[in-house]
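Please treat every number below as a calculation from the coordinates, not as lab data. Note that the structure is a prediction, hence the values are computed from the model and not measured. Virtual Cβ from ideal backbone geometry, glycine too; neighbours counted across all protein chains shown.
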Amino acid sequence: MHISDHSIRRPVTVMMGILMVVILGILSLTRIPIDLYPPIEIPTVAVTTSYSGVGPKEMENLVTKPIEQAVATVAGIKSVTSISREGSSQVIVEFGYGTDIDGTVAEIQQKVERARRSLPDDADSPTVMRFDPNSSPVLTLALSSEMSADQLRSFVDEQIVPYLERVDGVASVTVSGGLEREITVRVDPGKLEQYGITLADISQQLRNQNIDSPGGTITEGGTTYTVRSVGKLASIDDIKKVSIPLRGEGQVFLEDVALITDGYKAVTIESKMDGQPTVTLSIIKQSGTNTVAVVDQINQELEKLQGSLSANLKVFSISDQSAFIRASINTLVHDTLIGGILAIFIIWFFLKSISNTLIIGTAIPISVIATFALMFFTDMSINTMSLGGLTLGIGMIVDDAIVVLENIHRHREKGLSIKEAAVSGTKEVAMPVIAATLTTVAVFFPIVFVEGVTAQLFKDMGVTVSFALLASLVVSLTVTPMLAAKWTASQAKKLNHEEADAKSRLVRFYKRVLAWSLGHRKSVIAIGLASLVAGAGL
């Protein structure tokens, strides 16, 4: 028994199936993350190292080359590029597409950790970062107040940043602007020479005497207590009293050989808004989270903070990625709705039947909602590419239903009952409809197997078009014949005199155009080429 026969005999089952798909699609739509573009993974890893006060040539010899040699042994490397500047080194490692970048990053970290032993002691630990195009800030805020620049920076660091970092989906919050506290130790070279100590000795003692270390456990009366040694420097006076052992016997305090001042870091960029000090917050979201939802939660948290904090804080949005995403998504949704309405209107214009238009029109919402369910289960996001695929497929979604319905009406005109016409008409065109749909899917779906950035960008478009077309194929073979059997009149509709006359005139006109075209082939080809050239020119 054909699938259309089952659908016509069991309409309640079909309607329950449609209802289940619609509910599943709507639930999926509320859970699909919204972003501007699909997640793009660039197989590139950067190793960055800082070493203050060292020139580019020394940086290359002391830091860059050891790291290059360490990472060069990782499998799958396409190229290694290094940049050595004053005080910084960057080694960029590019891999081929398809590389397991997570495993590769872990391997590079191991290699770099081993190479760390051969680097200068004063150099900072190398940082291994993977290149992520989605790591740009989703929200950049400017905060200004009547407070001084140092008070504002301290207030934001202590009162604002901790709350924002706890927002679900926030990866990091970077603060810039204002005055940041800095304690400076200026050593006296003459006194260093007098006491026979070096800068390395001072740095070592500052590190050793500014730590909190565990001290084991103590058991008393059946209760075990954890003990730790508190050694963090709490004030500038503590720093002054840091003791430095001499080569022979005795020791000196840091204040005896250096001048310790409590001040602020050098300001390279000064930020002000309406003449008031300003601090900038750059917020980066976690990978795979909903950009729009994260920004909404951040704004809600800021409203709560502004209401609870006594500071006269003004918050301005400098850049908001969610606003651009909303605008892009809304434009695509609008275009999709307009395309669907125009498709239905054109169907009604040619079929001159409300019931037939509704039967064919049901393929659009059912196919689109079913596509949302498939997108959810394949971990896709709603972005400009996936919605662009839906917009592209709107016009093709109704093609299968139109073919099936027209063939059903052709069988009705032969005198068959509506149920017999629905079964026979659907069976007759089932294979051609399936072949036509699969042919279109074969154009879009293979992009899934392509590698590179192009595939990552356009995969969502190809998959959504394919999903929508396959869903429309199922609808045309089940829902369309079932609705045709229920909503179409039990007797075949006969054309009235005016409709028959209009149809006859259209057929006669087409025959004349066809006869002229067959008799003037060169003219037809010339017109086609001229249209092609004109289109290319436009």
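Translational diffusion coefficient, Stokes-Einstein: compute it for the range 235-352 using the Kirkwood radius over C-alpha pairs as Rh, at 4 °C and 1.567 mPa s, and state it as an integer in µm² s⁻¹.
Answer from the Stokes-Einstein relation: 60 µm²/s.
Just subtract the alpha-carbon distance of residue 15 and residue 150 from 0.36 nm times their residue separation and send over the number in nm, one decimal. Present the calculation step by step, with values, prior to reporting the outcome.
Details: separation 135, 0.36 × 135 = 48.60 nm, distance 6.63 nm.
Length gained, residue 15 through residue 150: 42.0 nm.
Can you give the direction-averaged projected area of the convex hull of the alpha-carbon atoms in the chain, in nm²?
Approximately 44.4 nm², given one-decimal rounding.
For 413, 107, what ranking results if the residue with the fewest other Cβ atoms within 10 Å of its Cβ goes first?
If I rank by nearby Cβ atoms, fewest first, I get 413, 107.
Translational diffusion coefficient, Stokes-Einstein: compute it for the range 44-131 using the Kirkwood radius over C-alpha pairs as Rh, at 4 °C and 1.567 mPa s, and state it as an integer in µm² s⁻¹.
My calculation gives 101 µm²/s for D.
Can you pick out the pairs among 352/486; 265/304; 427/511; 232/265 whose Cα atoms lie more than 24 Å from each other?
Table pairs above 24 Å Cα-Cα are 265/304; 427/511.
Tell me, in nm to one decimal, what length is gained between residue 110 and residue 233 on full extension, where the rule is 0.36 nm per residue of separation less the Cα-Cα distance? Intermediate values should be presented prior to the final figure.
Values: separation 123, 0.36 × 123 = 44.28 nm, distance 3.27 nm.
Taking 0.36 nm per residue and subtracting the Cα distance, the gain is 41.0 nm.
At a Förster radius of 22 Å, what calculated FRET efficiency corresponds to the Cβ-Cβ distance of residue 241 and residue 266, to the nearest 0.05? Write out the running numbers ahead of the final one.
Numbers: r = 27 Å, r/R0 = 1.22.
Step by step, r from the Cβ atoms, then E = 0.25.
Kindly state, to the nearest 0.05, the FRET efficiency for residue 319 paired with residue 199, given R0 = 60 Å and r defined as their beta-carbon distance.
Here the calculated transfer efficiency is 0.90.
Binning every alpha carbon pair distance of the range 182-264 at 5 Å from zero, what are the percents per bin?
3, 13, 21, 19, 13, 9, 7, 6, 4, 3, 1, 0
Mind sorting 516, 348 by how few other Cβ atoms lie within 10 Å of their own Cβ, fewest first?
516, 348
Contact order normalised by length for the range 182-264, with contacts defined as Cα pairs under 8 Å and 6 or more residues apart; what percent is it?
40
Loop only per DSSP, at most 12 neighbouring Cβ atoms within 10 Å: give me the GluC sites (Glu not before Pro) in the range 417-462, ordered by residue number. Working shown, then result.
On the way: sites: 420, 428, 451; in loops: 451.
Listed in order of number, the matching sites are 451.
Mind giving me the FRET efficiency for residue 125 and residue 293? R0 is 56 Å, r the Cβ-Cβ distance, nearest 0.05 is fine. Walk me through the numbers on the way to the answer.
Values: r = 35 Å, r/R0 = 0.62.
The calculated FRET efficiency here is 0.95.
Measuring from label point to label point, each 7 Å out along Cα→Cβ, what is the residue 538 to residue 5 span in nm?
The two pseudo-label positions are separated by 5.0 nm.
Over 18 Å between Cα atoms: which of 65/111; 191/240; 191/241; 78/459 fall into that group?
78/459
Compare the peptides 374-383, 463-472, 313-322 by average per-residue count of other Cβ atoms within 10 angstrom and give them in order, highest first.
463-472, 374-383, 313-322
If we count other beta carbons within 10 Å of each Cβ, what is the order of 150, 122, 399, 35, fewest first? Can you show the working numbers first?
Details: 150 15, 122 12, 399 20, 35 25.
Lowest to highest Cβ neighbour count: 122, 150, 399, 35.
Shape call for the range 367-481 from the C-alpha gyration tensor, a ≥ b ≥ c root eigenvalues: rounded (a/c under 1.5), prolate (a/b greater than b/c) or oblate?
Judged from the Cα gyration tensor, the range 367-481 comes out prolate (a/c at least 1.5, a/b above b/c).
Using all Cα-Cα distances in the range 499-538, what percent lands in each 5 angstrom bin from 0 up to the longest?
Binned Cα distances yield the sequence 5, 23, 14, 15, 14, 13, 10, 5, 1.
Distance in nm between label sites at residue 165 and residue 457, each 7 Å beyond Cα in the beta-carbon direction?
3.6
Can you give me the span-like helices of the chain, meaning DSSP H runs with 20 Å or more of Cα extent along the axis and Kyte-Doolittle mean at or above -1.0?
Membrane-span-like by this rule: 11-31, 101-115, 291-308, 321-351, 363-377, 399-413, 418-444, 453-487, 497-519, 521-537.
Please get the size of the charge dipole for the range 83-230, origin at its Cα centre, with Cβ charges of +1 on Lys and Arg and -1 on Asp and Glu, quoted in debye to the nearest 20. Before the final figure, lay out each step's value.
On the way: 13 positive and 23 negative charges, 57 e Å.
My answer is approximately 280 debye.
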